[in-house]
1. Grab the DSSP H runs of the chain that are 4 residues or longer, score each as -39,500 (n - 2.57), total them, divide by all residues and round the 222 nm result to the nearest 500 deg cm²/dmol.
2. Neighbour counts of other C-beta atoms within 10 Å: give me Glu88, Glu255 arranged from fewest to most.
3. Quick check on region 32-361: of the DSSP beta bridges with both residues there, what percent are antiparallel, nearest 5%?
4. Quick one: of Lys38/Lys313; Lys104/Lys282; Lys30/Lys282; Lys45/Lys195; Lys130/Lys286, which pairs are farther than 29 Å apart, Cα to Cα?
5. Which whole-Hz couplings ³J(HN,Hα) result when phi for each residue of region 166-183 is put into the Karplus expression 6.51 cos²θ - 1.76 cosθ + 1.60, θ = phi - 60°, listed in order with x for Gly and Pro?
Amino acid sequence: MKNILLIFVCFLLLFTQVFAQKPADINATKATVDLSKKLVSTTEKGIMIGHQDDLVYGHSWNVDGVSDVKQTAGDFPAVYGWELGDLELGRPASLDGVDFANIKNKIKWVNAQGGINVISWHCNNPLTGKNAWDVSSKLVVKSVLPGGEKNELFVKMLDRLADFFLSLKDEKGELIPVVFRPWHEHTGSWFWWGKNLCSKDEYVALWKYTVTQLQAKGVHNILYAYSAAGGFNNSSEYMDRFPGVGIVDLLGFDEYQGGISGKDNYMKSIAKGMSILLPIAKVNNKIAILSETGCESLPDPKWWTETLWPAIKDYPIAYVLFWRNAHDKPTHYYMPFPGEASAANFRDFEKIDRTLFLRDVR
Ligand code: BMA
């Protein structure tokens, strides 16, 4: 009887939580509302596993294949990361060489399968004309805001993004909802929007302007993710440049393990980051995520069950996104592929009940 009561209370709590979940955008489409509910309800089952550019290239193939994750573990990821860098310039392919038309098709496929699409944007530097990593000027953010010399150009860039988001339609012609994670790792200073490259007010204004412009173009199929670089020490550091609860839906951070000797630091940093982020997410009814992670070249064959899973398993995070397996840089990979040293361990990882792949979230 006690057990039945307990199960009933758990279901009630889950129901209330899922029901209460609403996107920050009050005009969000129904599918976007459903996406935010799905991100909460799957968190009760476990952590969704994601991979950047999973379906468009892998460690030893390019253009189109079947996914390194699927080939290794027998199932596809639940979450798919896509990159829009260079779209703002009107180019046909991303800065990593993937045709946007192909990305669009893959987003449709993922959505039809019940998977989740999340979008990063390494926006080129509008002031210098160089890439996102050009930190030669501290005036870039100021220059793109209203009154700035590059405002007109930036509006054009955002228009191109808006057109892209509005072109994501399912087979019924309904807009497909996605998670958008702009202006990421801003607590570091390696992108032109980073901490030492603009003031707090400028950074917050950049976020608000981005969202306002997209919404003004009728884009309401987005959940917005705020993602700091790992290594922040307390909640004021994490929230220092937070654009607002009325804008952001997901809270996360990016953290990577640096080589085999980086294990302790990595585990400690995730534990610390989560201890800061999770209470903020709970109080504000936001969805927590590990927005980017991995250990390049996977030097530890047991990494999946002995480092990554112990590092994240106890946290109520919706998903974890592993970075890309580049086809043209042999050591730049974060997911296993057939024959790779951690492949067998990854299969054990996939078998854990609470690691959620595509079949688990359909
Ligand atoms: C970085 C690397 C680069 C890539 C960029 C944007 O972390 O993977 O090779 O161009 O992300 O995807």
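1. Using -39500 (n - 2.57) per qualifying helix, the result is -11500 deg cm²/dmol.
2. Glu88, Glu255
3. For region 32-361, the DSSP antiparallel bridge percentage is about 10.
4. Going by Cα-Cα distance, Lys104/Lys282; Lys45/Lys195; Lys130/Lys286 fall outside the 29 Å limit.
5. Rounded to whole hertz, the list is 6, 8, 7, 10, 7, 5, 8, x, 8, 5, 8, x, 9, 8, 10, 10, x, 6.
FYI, it's all coordinate maths here, none of it is from the lab. Being a predicted model, the structure only gives us computed values, none of them experimental. Glycine gets a Cβ as well: all are built from the backbone with ideal geometry, and neighbour counts include every protein chain shown.
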